[in-house]
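The values are calculated or read from the model by the stated rules, or taken from the named source; none is laboratory data. Every value quoted in this text rests on a predicted model; they were computed, and no experiment measured them. In this analysis, Cβ positions are derived from the backbone assuming ideal geometry, glycine residues included, and neighbour counts consider all displayed protein chains.
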Amino acid sequence: MKSSLCGKEIGLMACLRNRIIDFFYRHATMRKKHHGLLTFLGGLFFSSVILFIIFLALVSDKLLGLDSWPPSPVNLFPSIPLLVVGIWLWLWSVMTFFKSRGTPVPLSPPPNLVDTGPYAYSRNPMLSGVSFMLFGIGFLFQSLSLVIIYTPLFIVIAFLEFKMIEEPELEKRLGTPYVEYRKKVPMFFPYPGHSRH
């Protein structure tokens, strides 16, 4: 197994990537009795990352001497719609996964391809929802760095992780149905004229 993941012909980064993909694949396909703990730990880790990003942005604003922006109560006009859309999209995604007998944590996913609900329009609507929420929180807390630095950085890192780790694992685990689904459905946001059929 080791040679198939990290042969001499591939570099250190490709080797590490293959090991991470294999780790997710093994845990996603293991017996269900361990999934409760994995779901809890995965959810705790992701929540901690989001809270750390918000904390880091607020500290950065103070250290850099950035003024509160936009001024109150103007900040509520973008904040409330972004938070409402983000929370709704996140909850819709989570409920769709639960209905499919899985969780949003990649270590404890549904057993089959989920292409209903928000997943009919986006391959990763949950991260889209979290991105909307982060922008909304940035406006709510009047955090310039959260709006223009940390949330865009989160989106870029999430895109790279999804493209380099999650999608190869999904293709490995779900096979042709996922490959066909990926061809028809955009990664984060539907585009005009998009149809999954």
Pairs, first farther than 12 Å from LEU146 by Cα in region 49-67, second charged (D, E, K, R) and surrounded by 14 or more Cβ atoms within 10 Å (Cβ to Cβ), C-beta under 9 Å, six or more apart: ASP67/ASP61
Candidates VAL156, VAL147, VAL130, filtered to the one that is under 20 Å from THR103 (Cβ atoms) and at pLDDT 95 or above: VAL130
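Matching residues to (1) modelled with pLDDT of 85 or more; (2) more than 16 Å from the chain's Cα centre (by Cα); (3) under 15 Å from GLN142 (Cα atoms):
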| residue | (1), (2), (3) |
| --- | --- |
| LEU5 | no, yes, no |
| ILE10 | no, yes, no |
| ARG17 | yes, yes, no |
| THR96 | yes, no, no |
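Let's see how each residue does on (1) in a helix (DSSP H, G or I); (2) surrounded by 18 or more Cβ atoms within 10 Å (Cβ to Cβ); (3) among the basic types (Lys, Arg); (4) in contact (Cβ under 8 Å) with a residue 12 or more places away in the chain:
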position	(1), (2), (3), (4)
ILE80	yes, no, no, yes
TRP90	yes, yes, no, yes
LEU107	no, yes, no, yes
SER128	yes, yes, no, yes
GLY136	yes, yes, no, yes
Flag for PRO177 being over 30 Å from LEU63 (Cβ atoms), in contact (Cβ under 8 Å) with a residue 24 or more places away in the chain and not polar (S, T, N, Q): yes
